[in-house]
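Worksheet for the structure shown next.
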Amino acid sequence: MTDKADPLSRDVPGVEPYDGPAGGWGALRAVAVAIREQMGASADTRALLQMNQPDGFDCPGCAWPDPRHTSSFEFCENGAKAVTWEATVKRVDPDFFARHSATELLGWTDHQLEDAGRLTHPLRYDPATDHFVPIPWDEAFARVGAGLQALEDPNQAEFYCSGRASNEAAFLYQLFARAFGTNNFPDCSNMCHEATSVGLPQSIGVGKGTVTLDDFEQADAIFCIGHNPGTNHPRMLTTLSNAARRGVPIIVANPMKERGLERFKSPQHPTEMLTPYSTQLASAYHQVRVGGDMAMLKGMMKALLEADAADLAAGGSGLLDRPFIAEHTTGIEALRADIEGTSWEEIVRRSGLTRDAIESMARVYGQADRVILCYGMGITQHEHGTATVQMLANLLLLRGNIGKPGAGICPLRGHSNVQGDRTVGITEVPGEAMLARLDARFGITAPRAHGHAAVEALQAMRDGRARAFIGLGGNLAVAMPDPEASFAAFRNLDLSVSILTKFNRTCLLLAKETIVLPCLGRTELDEQAGGPQWVSVEDSMSMVHASRGKLKPAAPDLKSEPAIVAGMAKAALPHVAIDWDWLVADYDRIRDAIEAVFPDFRDFNVRVRQKGGFRLTVGASDRVWNTPDGKAHFLVHPISGASGAESELLLTTVRSHDQYNTTIYGLNDRYRGVTGRRDVIFAHAEDLAARGLAHGDRVDVVAASGRRLAGYTVVAHAIARGSLAAYYPEANCLVPLDDYDRESGTPAYKSIPVTLRPTA
Ligand SMILES: Nc1nc2c(c(=O)[nH]1)N[C@H]1C(S)=C(S)[C@@H](COP(=O)(O)OP(=O)(O)OC[C@H]3O[C@@H](n4cnc5c(=O)[nH]c(N)nc54)[C@H](O)[C@@H]3O)O[C@H]1N2
Ligand SMILES: Nc1nc2c(c(=O)[nH]1)N[C@H]1C(S)=C(S)[C@@H](COP(=O)(O)OP(=O)(O)OC[C@H]3O[C@@H](n4cnc5c(=O)[nH]c(N)nc54)[C@H](O)[C@@H]3O)O[C@H]1N2
Ligand SMILES: [Mo]
């Protein structure tokens, strides 16, 4: 069975280590394949050239900002995949739904469902025939309206928003839900950067990143913790490689060796493309244990405090920014006591890193004047995600690394407008000032009671307290943990409405009434009564800018998201005196309303027309701390996460290079050396050996609940001890719905205790 001499020499189908850099010719080839498969041989590739151009559309792929100074086409493999997936020539039209019953479609994979093509008509599930059937828009809206009016209480409806929606669509959507009477806004941010939105305001008074792209040009050191830009924010590699070429140390903390953080061959760089040369990115790569970040960060602070004390003793001025701490912060003494009381033994055991490694990270940190800390889902999707985000803020505050050029905190946001949707009111805990302005502008009385975030929404649906679901984009049932609970929750509903570009599994979890409303995508021309319209989005760095679709819509019957929201609102709220048609005829009117409700958008329609847009105010970037006492706060939490016990295996779930969340473009994960399959689990060879297993063995991955992923193939990989990784969403069956960060509600997708058993 196993080759005892060298277990890694064993041939495992579809698994072959990848030796190349990120980017390079492999990226260009992948784009050519995506274009051929989705758009055909005679593809109109003009769309790709419009991406992230000042007068083009915002790439739906990620929220990394566009460099303001260049107008040259910024090439990104995964952005191109996102666009070809939307601009595909394939269609799921009425014929398609006549050929395939809902029961049959439920047996398709997520890849097959979306690969079938773009939606073309509004649909309703017909229980008599078990098929989705086309219906006219009027009827679709009337059914949505009737379903909502039939509820006993508006709080029985859940209004989900995925982060693709524009500011204009999201603003109208929250207006609709609040005029209807609820603050139930589960949103994709609840599964993503909620730990940032909840944690950072307590630390620094704002729940957003504090840096801009310019800061990356001035930083002396960059830390990348728990994110995978080569796959999920590929345009960031250009920023990182520019920094690396300047000699800026890039320190990575990630349980998995990710090629996109190691080496990059820029498709924009002729010398790199035509020679064997690529840019080395990470100057040091620390394979922290899954769930070991809190221990690691405390270790860095401990090493920094020790070096500070040594420097003071030697007559130096210390390593802490004492004037900054005195003027701008509170809580340093409690933090110091906590860190001094934490032993190196615990830090080393729980982080999985040596004391030397942690001290070297602290040395780089302590020697740099301007430091940026970047982080992603590796930090947030844990039971202690919010506390860990606050540790990142502590570390930065110790040396005054917030609110000065070249320094700050940089959460890598997920969906291209997830941050903007929040800014324009998609939140279950709205502030009174905003609600008062909304009421004044529209003559409504918005509800004041807090609503549901994503986990609470699913719990309410599961328990029958929520009866209706409206989804503006996304695939909530598949994105959430615990399909046993979440699929049942959807099947329990009276009304389920999905506004989508592509048909997905959430539509197939049939409610008493199930409606699918097809919408225009980012890339497409949006004609309204007042002429062609464009929308606005906010990137990870709080830049708000315009996005203009140019392509002919996938089908004549599609409506824009704002028009669909307006259609539903008119039907559900016949007695509310809001002129929805007037608002949608010209999106400038929606933008004027946004400005009236959110003062930070002053002169919105003027400033958003400037090239590159404008930046929203981020107080902490200017050392204005919007906390109750006007100070930034050092916050103390006990170490949580990995215990470091010999027997412990924590499973993290990650995206492959060939997927966009629940959208599976294909079955390859090039940089991790996997081709044509997703049923693999990455493990450290010694963890396998300790369990009598070897590379290529088939195992069942079993969670504490007893649920399992059966028949997976283990792949020996460069991953930290005590750590496993598998692909999302397949592994979501191992995450109980009740395992989430109690502060932010973020599901613990990235530290699932499991055991491995040989498959019977
Ligand atoms: N092409 C593409 N682009 C995307 C997406 C996509 O699916 N495809 N999704 C978008 C969305 S919504 C989001 S939120 C972002 C997600 O972007 P990322 O945050 O990069 O997402 P993940 O793939 O979840 O990768 C997390 C990284 O964290 C590491 N990690 C896992 N567990 C731990 C841990 O305990 N500690 C540390 N330090 N690291 C850990 C993993 O090894 C992996 O490298 O990307 C956005 N952009
Ligand atoms: N185990 C595990 N689970 C996770 C994560 C993880 O790392 N691990 N990550 C979590 C994260 S960070 C997120 S953000 C969620 C993702 O959660 P969602 O945002 O709910 O999911 P997506 O897969 O991005 O949504 C895909 C669907 O969006 C629709 N769509 C695409 N473009 C548009 C558009 O322009 N308009 C409209 N209306 N619809 C459109 C398509 O029909 C497609 O089927 O998943 C979460 N789940
Ligand atoms: Mo996300």
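Here are a few things to note about the model shown:
- The long axis of helix 137-149 is offset from the longest Cα principal axis of the chain by roughly 70 degrees.
- Overall form of region 568-647: prolate. Here a/c, set by the Cα gyration tensor axes a ≥ b ≥ c, is 1.5 or more, and a/b is the larger of a/b and b/c.
- Degrees between helix 167-180 axis and first principal axis of the chain (Cα, 0 to 90, nearest 10): 70
- Sorted largest first, the spans of the alpha carbon positions of region 707-760 along the three principal axes are 37, 25, 17 Å.
- Fraction of beta bridges assigned by DSSP in the chain that are antiparallel (%, nearest 5): 45
- Rounded Å value of the spacing that divides the Cα centres of region 670-741 and region 262-300: 23
- Calculated P(r) tail over 53 Å for the chain, as whole % of Cα pairs: 7
- Subtracting the Cα-Cα distance of Arg623 and Ser343 from 0.36 nm times their residue separation leaves 97.5 nm of extension gain.
- Here Asp138 and Ala326 are evaluated by their C-beta separation; at R0 = 56 Å the FRET efficiency comes out at 0.30.
- For region 400-466, the equivalent ellipsoid derived from the alpha-carbon gyration tensor has semi-axes of 30, 21, 11 Å in decreasing order.
- Anisotropy class of region 73-204 from Cα gyration tensor, a/c 1.5 cut: oblate
- Computed label-point distance, nm, for sites Ala485 and Glu152 using a 7 Å Cα→Cβ extension: 2.4
- Label zone at Leu274 (point 7 Å along Cα-to-Cβ), backbone N below 16 Å, region 12-31: 25
- Within a straight-line Cα-Cα reach of under 27 Å, Lys208 can be paired with the following lysines, leaving aside sequence neighbours fewer than 8 residues apart in one chain: Lys298, Lys302, Lys404, Lys611, Lys631, Lys750.
- Averaging 1/r over each pair of different alpha-carbon atoms in region 194-411 and inverting the result gives 17.7 Å, the Kirkwood hydrodynamic radius.
- Here Arg448 and Gln610 are evaluated by their C-beta separation; at R0 = 41 Å the FRET efficiency comes out at 0.65.
- Each Cα pair under 8 Å and six or more residues apart adds its separation to the average, and for region 194-411 the resulting relative contact order is 33 percent.
- Only one residue of Tyr375, Pro430, Val565 has its Cα farthest out toward the positive end of the dipole of the chain, where Lys and Arg carry +1 and Asp and Glu -1 on Cβ, and that residue is Tyr375.
- Among beta bridges identified by DSSP and lying wholly in region 169-295, the antiparallel ones come to about 20 percent.
- In the chain, the calculated helix contribution to ellipticity at 222 nm averages -10000 deg cm²/dmol per residue, counting -39,500 (n - 2.57) for every DSSP H run with n ≥ 4.
- Of all DSSP beta bridges in region 194-411, antiparallel share, percent nearest 5: 10
- In order through region 578-593: 3J(HN,Hα) via Karplus (6.51 cos²θ - 1.76 cosθ + 1.60), integer Hz, x for Gly, Pro: 10, 8, 4, 5, 4, 4, 7, 4, 8, 5, 4, 5, 5, 5, 4, 5
- Gained length - Val33 relative to Ala313, 0.36 nm times residue gap less alpha-carbon distance: 94.6 nm
- Computed extension gain for Val576 through Arg245, at 0.36 nm per residue and net of the alpha carbon distance, reaches 113.3 nm.
- Rounded FRET efficiency, nearest 0.05, which uses the C-beta distance separating Asp126 from Arg10 and R0 of 51 Å: 0.50
- Dimensions of region 309-430 based on its C-alpha atoms, expressed as ranges along the principal axes with the largest first, amount to 53, 35, 25 Å.
- Convex hull projection area averaged over all views, region 495-538, Cα basis, nm²: 4.5
- Degrees between helix 24-39 axis and first principal axis of the chain (Cα, 0 to 90, nearest 10): 10
- Here the simple spin-label model places points 7 Å from the Cα toward Cβ, and for Asp600 and Ala433 these points are separated by 1.1 nm.
- Rg and Dmax over the alpha-carbon atoms of region 356-417 stand at 12.7, 40 Å.
- Inter-part distance where region 206-246 and region 468-524 are each reduced to a Cα centre, Å: 34
- Within the accessible surface of the chain, defined with a 1.4 Å probe on protein heavy atoms only, the carbon and sulfur portion equals 53 percent.
- Using a probe of 1.4 angstrom and keeping all protein chains present, the accessible surface of the chain works out to 35 square angstrom per residue.
- Computed over the chain, relative contact order equals 22 percent, with contacts defined as Cα pairs under 8 Å that lie 6+ residues apart.
- Taking amide H atoms as placed 1.01 Å from N in the peptide plane, the amide H of His131 lies under 5 Å from those of Ala102, Asp126, each 5 or more residues away in sequence or on another chain.
- Dimensions of region 370-497 along the principal axes, based on C-alpha atoms and rounded to the nearest Å, stand at 54, 43, 24, largest first.
- Karplus-based coupling profile of region 304-312, in residue order and whole Hz: 5, 5, 5, 5, 4, 4, 5, 5, 4, with θ = phi - 60° in 6.51 cos²θ - 1.76 cosθ + 1.60 and x standing for Gly or Pro.
- For region 650-758: rounded, prolate or oblate by the Cα gyration tensor [a/c cutoff 1.5]: oblate
The values are calculated or read from the model by the stated rules, or taken from the named source; none is laboratory data. Please read all numbers here as calculations on a predicted model, not as lab measurements. A quick note on method: Cβ atoms are made from the backbone with ideal geometry, for glycine too, and the neighbour counts reach across all protein chains shown. Heads up: the accessible areas ignore ligands, DNA and RNA and are worked out on the full protein's heavy atoms, side chains in. Shrake-Rupley method; radii C 1.70, N 1.55, O 1.52, S 1.80 Å.
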